[in-house]
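Below is one structure, written out as structure tokens; comments come after it.
The values are calculated or read from the model by the stated rules, or taken from the named source; none is laboratory data. Values in this document were obtained by computation on a predicted structure and should not be read as measured data. Virtual Cβ from ideal backbone geometry, glycine too; neighbours counted across all protein chains shown.
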Amino acid sequence: MKLKQVKLYKEPKLEEPYLLAAWPGMGMVALRAFSYLNRKLNAEEFGEIEPYDFFDPEVSIRDGLIDVPEFPENKLFYWKNEKGNDLMFCIGNEQPSPENEYKLADKIVDVAKHFRVKRVYTSAAFALGGHLLGERRVFGVVTDRESKQYLKKHRVMLLSEAMQMKEAGISGMNGVILGAARERCIGGICLFGEMPEAEVRLPYSKTSKVVCDTLIRILELKVDTQELEEEITQGIKELEQQSLRYTVDYKDLFGKGGKTNEH
Amino acid sequence: MELSPMIKIYKEPDLKNSYLIAGFPGPGGVGLGVASYLNRLGAEKFCEIEAYKFSSMPRSVIKGGVMEELEFLDNEFSYWKSKGENDLIIFKSEQPTFKKHEFINLALDVAEKFRVKRVYTSSGLIRPVRHTKEPWIFAAANKPELKEYLENFNLLPIKTGIGLTDLNAVLVGSARERNIEGVCLFSEVPVYVAPLPNPKGVKSILKLLSKMLSIDIDLVELDRFIKQMDQEMEKLYENLPEDTKKTFVESVESEAKLISDLTEAEIENLFMEAEKDPSEFRISKLGTKLYSSGLFPKYEDRFFKLIQKKR
């Protein structure tokens, strides 16, 4: 296949594959959950979307020398499923600027059309005020009737039913890809995981695990998410240690007698 | 060499051992200011890139009530024949918004065609310093052989920096792929006046370049502009909260040796852009950079203030 701006190292033969697409977003939910699955399934990299038209170049200085420009990546992976639909992954490590979102999404749909992708899956976070005690829930949002029935069959509630709301939004590529695919007759599902508002800007969130578990369940895969849980716990601990380092400096500046929230 | 039809060459000057001085927008407008001021040497325009696919913000030029021109991205190459060893090509350009990589490579195509040996760019380094300070100049090169060359000029070396988006730095990185030598000079720009023109920075770079290139540049016009801007900057400085003022350092030589990493300067760049355009995209980009550099707690208050302002 000769598609401009797409580099394929090989052309796997895929049977009615699902496309799992993920980019950085709130709480890094989509990226963390889908990357984990990609790794655990040992999916094979088979191509990438060339970044030059969708992303800005960046340079790094190493040992006093300015290096050649570097770009974010949008890599393509595949996994052959003996017991169901094959899976294709598109994992991006950075969001493009808003002007380039649709163009990038449309390019990925070109690839999806070529491989006869049956459905696109993405994920997002549903931010709620306050703390979340107990299990975080996962809801679905769909762009076609078949996907709606698929979710019903697998007992995933629709966001509109659970929250009784008429409108919601998915910012960035995790949303735009669904719209771009739908325009070209490929339906999709977005798995929304509940998340406390405070975690929205953090790079680690327990919501990634519940989303990953739900995805594994509805795709009927056999993947364990214990490691993902550990990754998240470790990540949260490191963030707290970073903050603590600065809190300690603060204490030093102001001497004893300062109160801190130690519990 | 077959050039893209987007490159419009009006004249092919015969240039020897030419150096390219390039300037893109950046903090303090230093890069663009340096390139613009060099044109006063009597440089003649000879080339430009037709840039309609690189800009999302075209402007129309109206003369006498008639729209004469639709300008997508103002850019020009001019040349100056020196009496010394190296002729100069001066390239200045507005900021491309799309396909920056391709645009930079078109500029380098022109450089290659005219057998440019080395490219010099300059920009501003946003730092917590006062505007009254004589700005230090930091430098980075794209080839090991140049490091020695830079030592002759008493510049402060930059050792590291991850993910710099300033096109003045990117051009030098791209030049490396073409085997063209490159130097990027950064002049200090105070954080509270970063979006404003910084003629003091421009002057310090020009003084350095006149030494490096052995050329004479009359800087008197700049002094007037510097006086003007100093007054404006003084007003902005006075309006800062007292404890912020206290964090700004004056010239401390020992501190200079510690500034070898550009990551915080890049973070200041991202803050400046997010303050100008507090969109979800820019805020997320800044947040991600803060986490990946491990510096989130240091900038936490400032970051959350930015988000609150957005609301």
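Is it the case that the range A:41-51 has a residue that's modelled with pLDDT under 95 and closer than 30 Å to A:Glu229 by Cβ?
Restricting attention to the range A:41-51, the residues satisfying the condition of being modelled with pLDDT under 95 are none.
Within the range A:41-51 (the criterion being modelled with pLDDT under 95 and closer than 30 Å to A:Glu229 by Cβ), the answer is no, since none of the residues qualifies.
Select from the range B:40-89 the residues that are aliphatic (A, V, I, L, M) and surrounded by fewer than 13 Cβ atoms within 10 Å (Cβ to Cβ) and write down the one among them that is farthest from B:Ile104 (Cα to Cα). Steps first, please.
Of the range B:40-89, the ones aliphatic (A, V, I, L, M) are B:41, B:43, B:49, B:51, B:57, B:61-62, B:66-67, B:70, B:73, B:88-89.
Those left that are additionally surrounded by fewer than 13 Cβ atoms within 10 Å (Cβ to Cβ): B:57, B:61-62, B:66-67, B:70.
Working: B:Met57: 18, B:Val61: 25, B:Ile62: 29, B:Val66: 33, B:Met67: 29, B:Leu70: 22 Å.
Ranking the qualifying residues of the range B:40-89, first place goes to B:Val66.
Give the residue that is surrounded by the most Cβ atoms within 10 Å (Cβ to Cβ), with candidates limited to residues of the range A:95-138 that are among the charged types (D, E, K, R), in contact (Cβ under 8 Å) with a residue 12 or more places away in the chain and out of contact with any helix residue (DSSP H, G or I) (no Cβ under 8 Å at 6 or more places or on another chain). Steps first, please.
Looking only at the range A:95-138, we keep the residues that are among the charged types (D, E, K, R), and these are A:99, A:101, A:103, A:106-107, A:110, A:113, A:116, A:118-119, A:135-137.
If we keep only those that are in contact (Cβ under 8 Å) with a residue 12 or more places away in the chain as well, we get A:101, A:103, A:106-107, A:110, A:113, A:116, A:118-119, A:135-137.
Then keep just the ones that are out of contact with any helix residue (DSSP H, G or I) (no Cβ under 8 Å at 6 or more places or on another chain); that gives A:103, A:107, A:110, A:113, A:116, A:118.
Working: A:Lys103: 15, A:Lys107: 20, A:Asp110: 17, A:Lys113: 14, A:Arg116: 11, A:Lys118: 18.
Per the criteria, the residue is A:Lys107.
Can you report the number of residues in the range B:2-39 which are within 20 Å of the chain's Cα centre (by Cα) and either of a type in the set (Val, Ile, Thr) or crowded, with 20+ Cβ neighbours inside 10 Å (or both)?
18
Tell me, which helices (runs of 4 or more DSSP H) wholly within the range B:170-247 include 2 or more residues that are more than 14 Å from chain A (Cβ to nearest Cβ) and crowded, with 21+ Cβ neighbours inside 10 Å?
Working: elements: B:199-213, B:220-238, B:242-247.
Fully inside the range B:170-247 and qualifying: B:199-213.
Report, ordered by the first and then the second residue, all pairs with beta carbons closer than 6 Å, sequence separation of six or more or different chains, a first member in the range B:133-146 that is touching a residue at least 12 places away in the same chain (Cβ under 8 Å), and a second member that is buried (at least 19 other Cβ atoms within 10 Å of the Cβ) and among the acidic types (Asp, Glu).
Taking only residues 6 or more apart or on different chains, the pairs are B:Pro135/B:Glu188; B:Trp136/B:Glu188; B:Lys143/B:Glu181; B:Leu146/B:Glu181.
Out of the residues in the range A:52-90 meeting the condition of being touching an Asp or Glu at 6+ places or on another chain (Cβ under 7 Å) and polar (S, T, N, Q), tell me which one is nearest to B:Val183 (Cα to Cα).
Checking each candidate, the answer is A:Ser60.
Suppose we filter the range A:169-200 for residues that are outside any loop (DSSP other than H, G, I, E, B), more than 12 Å from chain B (Cβ to nearest Cβ) and of a type in the set (D, E, K, R); how many remain?
Number of matching residues: 4.
Residue under question is A:Glu48, and the condition is that it be out of contact with any His (no Cβ under 6 Å at 6 or more places or on another chain), more than 11 Å from chain B (Cβ to nearest Cβ) and of a type outside the set (Gly, Ala, Ser); does it hold?
Taking the combined requirement at face value, the residue satisfies it.
Can you report the number of residues in the range B:193-230 which are under 17 Å from B:Pro135 (Cα atoms), β-branched (Val, Ile, Thr) and out of contact with any strand residue (DSSP E or B) (no Cβ under 7 Å at 6 or more places or on another chain)?
Number satisfying all stated conditions: 3.
Checking B:Glu275 against (1) more than 8 Å from chain A (Cβ to nearest Cβ); (2) without any contact (Cβ under 8 Å) to a residue 12 or more places away in the chain, which single condition isn't satisfied?
(2)
State which residue pairs qualify: first residue closer than 13 Å to A:Asn81 by Cα and inside the range A:12-29, second residue part of a loop (DSSP other than H, G, I, E, B) and among the acidic types (Asp, Glu) in any location, beta carbons under 7 Å apart, and separation of 6 or more residues or different chains.
A:Leu14/A:Asp86; A:Glu15/A:Asp86; A:Pro17/A:Asp86
Condition check: under 14 Å from the mean Cα position of the chain (by Cα) and within 14 Å of chain A (Cβ to nearest Cβ). Does B:Asp166 satisfy that?
In short, yes.
Show me the strands (runs of 3 or more DSSP E) entirely contained within the range B:1-97 in which 3 or more residues are touching a helix residue (DSSP H, G or I) at 6+ places or on another chain (Cβ under 9 Å). I'd like the intermediate steps shown before the answer.
Values: elements: B:7-9, B:19-23, B:44-49, B:59-63, B:66-71, B:75-80, B:88-93.
Passing ranges, in order: B:19-23, B:44-49, B:75-80, B:88-93.
Residue check: is B:Arg130 more than 11 Å from chain A (Cβ to nearest Cβ) and in contact with a Phe, Trp or Tyr (Cβ under 9 Å, 6 or more places away or on another chain)? I'd like the intermediate steps shown before the answer.
Numbers: more than 11 Å from chain A (Cβ to nearest Cβ): yes; in contact with a Phe, Trp or Tyr (Cβ under 9 Å, 6 or more places away or on another chain): yes.
Spelling it out, B:Arg130 is indeed more than 11 Å from chain A (Cβ to nearest Cβ) and in contact with a Phe, Trp or Tyr (Cβ under 9 Å, 6 or more places away or on another chain).
Given B:Leu88, B:Leu108, B:Leu73, B:Leu125, which one is in contact (Cβ under 8 Å) with a residue 12 or more places away in the chain, hydrophobic (A, V, I, L, M, F, W, C) and out of contact with any Asp or Glu (no Cβ under 9 Å at 6 or more places or on another chain)? Before the answer, list the steps.
Numbers: B:Leu108 fails: out of contact with any Asp or Glu (no Cβ under 9 Å at 6 or more places or on another chain); B:Leu73 fails: out of contact with any Asp or Glu (no Cβ under 9 Å at 6 or more places or on another chain); B:Leu125 fails: out of contact with any Asp or Glu (no Cβ under 9 Å at 6 or more places or on another chain).
None of the other options fit; the residue is B:Leu88.
Pull up the range A:114-154, narrow it to residues that are under 22 Å from A:Trp23 (Cβ atoms) and aromatic (Phe, Trp, Tyr), then point me to the one that is modelled with the lowest pLDDT.
Applying the filter and picking the extreme gives A:Phe126.
Conditions (1) exposed (fewer than 12 other Cβ atoms within 10 Å of the Cβ); (2) at pLDDT 85 or above; (3) more than 14 Å from chain B (Cβ to nearest Cβ); (4) over 30 Å from the mean Cα position of the chain (by Cα), marked per residue:
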position: A:Thr225; (1), (2), (3), (4): no, yes, yes, no
position: A:Leu228; (1), (2), (3), (4): no, yes, yes, no
position: A:Ile232; (1), (2), (3), (4): no, yes, yes, no
position: A:Gly235; (1), (2), (3), (4): no, yes, no, no
position: A:Ser243; (1), (2), (3), (4): no, no, no, no
position: A:Lys251; (1), (2), (3), (4): no, no, no, yes
position: A:Phe254; (1), (2), (3), (4): yes, no, no, yes
position: A:Gly257; (1), (2), (3), (4): yes, no, yes, yes
position: A:His263; (1), (2), (3), (4): yes, no, yes, yes
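Examine the range A:69-77 for a residue that is away from every other protein chain (no Cβ under 14 Å) and farther than 30 Å from B:Val172 by Cα, and state whether such a residue exists.
Yes, the range A:69-77 contains a residue that is away from every other protein chain (no Cβ under 14 Å) and farther than 30 Å from B:Val172 by Cα.
Can we say A:Val29 is within 14 Å of chain B (Cβ to nearest Cβ), closer than 21 Å to A:Asn174 by Cα, surrounded by 15 or more Cβ atoms within 10 Å (Cβ to Cβ) and not small (Gly, Ala, Ser)? Reasoning before the result, please.
Working: within 14 Å of chain B (Cβ to nearest Cβ): yes; closer than 21 Å to A:Asn174 by Cα: yes; surrounded by 15 or more Cβ atoms within 10 Å (Cβ to Cβ): yes; not small (Gly, Ala, Ser): yes.
Considered against the rule, which asks whether it is within 14 Å of chain B (Cβ to nearest Cβ), closer than 21 Å to A:Asn174 by Cα, surrounded by 15 or more Cβ atoms within 10 Å (Cβ to Cβ) and not small (Gly, Ala, Ser), A:Val29 comes out as yes.
Of all residues being assigned to a loop (DSSP other than H, G, I, E, B) and in contact with a helix residue (DSSP H, G or I) (Cβ under 6 Å, 6 or more places away or on another chain) in the range A:51-63, which is farthest from the other protein chains (Cβ to nearest Cβ)? Just the residue, please. Walk me through it before giving the result.
If we filter the range A:51-63 for residues that are assigned to a loop (DSSP other than H, G, I, E, B), which is where we start, we get A:51-57, A:63.
If we keep only those that are in contact with a helix residue (DSSP H, G or I) (Cβ under 6 Å, 6 or more places away or on another chain) too, we end up with A:52, A:54, A:56-57.
Details: A:Tyr52: 5, A:Phe54: 9, A:Asp56: 5, A:Pro57: 5 Å.
Of everything passing the filter in the range A:51-63, A:Phe54 is farthest from the other protein chains (Cβ to nearest Cβ).
Based on this model, can you work out whether A:Asn100 counts as out of contact with any strand residue (DSSP E or B) (no Cβ under 8 Å at 6 or more places or on another chain) and either part of a helix (DSSP H, G or I) or away from chain B (no Cβ under 14 Å) (or both)?
Working: out of contact with any strand residue (DSSP E or B) (no Cβ under 8 Å at 6 or more places or on another chain): yes; either part of a helix (DSSP H, G or I) or away from chain B (no Cβ under 14 Å) (or both): yes.
Spelling it out, A:Asn100 is indeed out of contact with any strand residue (DSSP E or B) (no Cβ under 8 Å at 6 or more places or on another chain) and either part of a helix (DSSP H, G or I) or away from chain B (no Cβ under 14 Å) (or both).
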